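What follows is a set of notes on a single structure, which appears directly below.
The values are calculated or read from the model by the stated rules, or taken from the named source; none is laboratory data. In this text, all values refer to a predicted model and were calculated from it rather than measured experimentally. Note: ideal-geometry Cβ built from the backbone for every residue, glycine included; neighbour counts use all protein chains shown. Side chains are part of the model used for accessible areas, which takes the heavy atoms of the whole protein and leaves out ligands, DNA and RNA. Shrake-Rupley method; radii C 1.70, N 1.55, O 1.52, S 1.80 Å.
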Amino acid sequence: MFSDHRQRLVNELKEELEAAGNISSKALAAQIRDIGFSCSMCGKCCRRSCGDNRVLLTSSDIRSLQDSSLEDAVFPMLPDIPDVSLADTVNEYGHELEVDAQGRYHTFGWMLKRKANGNCSFIGEDGTNRCGIYDRRPMLCGTYPFYIEGGKLLTSECECLGKSISVEDSVLLAKDLLDRYVTELEDTVLLYEKFEGMGTSSQTPGGSKSLSGVDGIIFVVHDHNGNSEFAIKLNK
Ligand code: SF4
Ligand code: SF4
């Protein structure tokens with residue numbers, strides 16, 4: 001059932017979407033130039049050792065990865081922890097996820113798969129920090145360290161903020177940022193509209209039904225398409 005609360009959230013998001021259509025990419029580009037940015041390819045935003053490096057995927061990112069036969073890179077969104085080996089993630093942090101009567105973990109959205117050390121699967125480990133999917137990198141990566149929230153331009157941590165950026169690059173970045181902002185809002189509207197509920201029970205991960213001895217985990221991912229199941233085999 002579509003609750004009043006959810007309907008209110010959808011209405012607010014739709015208003016934000018409408019307002020997003022009035023944001024001038026020229027003005028946004030000017031704001032970006034005022035802040036300044038030039039990536040040094042330090043690779044910090046791609047590595048877990050430097051903080052939360054999860055890359056939330058938009059519907060457009062997922063399509064692009066699937067079209068490039070990179071569907072294995074699409075992974076259920078999990079809590080951020082320093083050691084991201086899957087078994088540890090779910091056993092130690094599963095309490096942050098909802099679990100239903102069938103022992104399935106519920107999560108919202110998808111992230112780019114990370115390596116066991118927490119680094120992005122695509123970061124070059126040869127000292128170059130080159131992105132292995134540069135031309136198809138997700139919207140978040142292409143616009144980092146900028147993002148838009150509530151119509152306002154904001155920045156994440158990056159030591160290369162404040163450096164000079166050309167007019168041409170700022171215009172391209174502004175356009176990509178607006179695309180990302182609108183796509184994320186549209187995805188969230190669809191998520192709320194298609195959400196079918198958790199069907200949760202009081203069962204606790206790692207509690208009465210510990211994952212030890214279970215050789216697979218089922219996630220139910222709630223996203224812009226509704227609900228989908230995703231199975232992962234654990235390494236033993
Ligand atoms: S965006 Fe910033 S943190 Fe990321 S690689 Fe470039 S300079 Fe480093
Ligand atoms: S996809 Fe590329 S840019 Fe994005 S986190 Fe991975 S290595 Fe970094």
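Could you please tell me which pairs satisfy a Cβ distance under 9 Å, a separation of 6+ or placement on different chains, a first residue in region 123-151 that is hydroxyl-bearing (Ser, Thr, Tyr), and a second residue that is open to solvent by 80 Å² or more (accessible area, probe 1.4 Å) and more than 8 Å from ligand 2 (Cβ to nearest atom)?
Short answer, once both residue conditions are applied: Thr128/Met41; Tyr144/Cys39.
Scan region 21-33 and tell me whether some residue there is farther than 27 Å from Glu186 by Cα and either open to solvent by 70 Å² or more (accessible area, probe 1.4 Å) or touching a residue at least 40 places away in the same chain (Cβ under 8 Å) (or both).
Checked region 21-33: at least one residue is farther than 27 Å from Glu186 by Cα and either open to solvent by 70 Å² or more (accessible area, probe 1.4 Å) or touching a residue at least 40 places away in the same chain (Cβ under 8 Å) (or both).
Does at least one position in region 154-164 carry a residue that is within 16 Å of ligand 1 (Cβ to nearest atom), buried (at least 16 other Cβ atoms within 10 Å of the Cβ), β-branched (Val, Ile, Thr) and over 20 Å from Gly21 (Cβ atoms)?
no
Where in region 17-133 are the helices (runs of 4 or more DSSP H), entirely inside, with at least 2 residues that are more than 16 Å from ligand 2 (Cβ to nearest atom) and over 17 Å from the mean Cα position of the chain (by Cα)?
Filter on region 17-133 gives 25-35, 86-93.
If you scan region 123-153, which residues turn out to be more than 15 Å from ligand 1 (Cβ to nearest atom) and open to solvent by 50 Å² or more (accessible area, probe 1.4 Å)?
Taking region 123-153 and keeping what is more than 15 Å from ligand 1 (Cβ to nearest atom), we get 126, 135-136, 148-153.
Residues satisfying the conditions are Asp126, Asp135, Arg136, Glu149, Gly150, Lys152.
With respect to Cys50, determine if the residue is surrounded by fewer than 17 Cβ atoms within 10 Å (Cβ to Cβ), within 16 Å of ligand 1 (Cβ to nearest atom) and at pLDDT below 95.
For Cys50, the condition - surrounded by fewer than 17 Cβ atoms within 10 Å (Cβ to Cβ), within 16 Å of ligand 1 (Cβ to nearest atom) and at pLDDT below 95 - is met.
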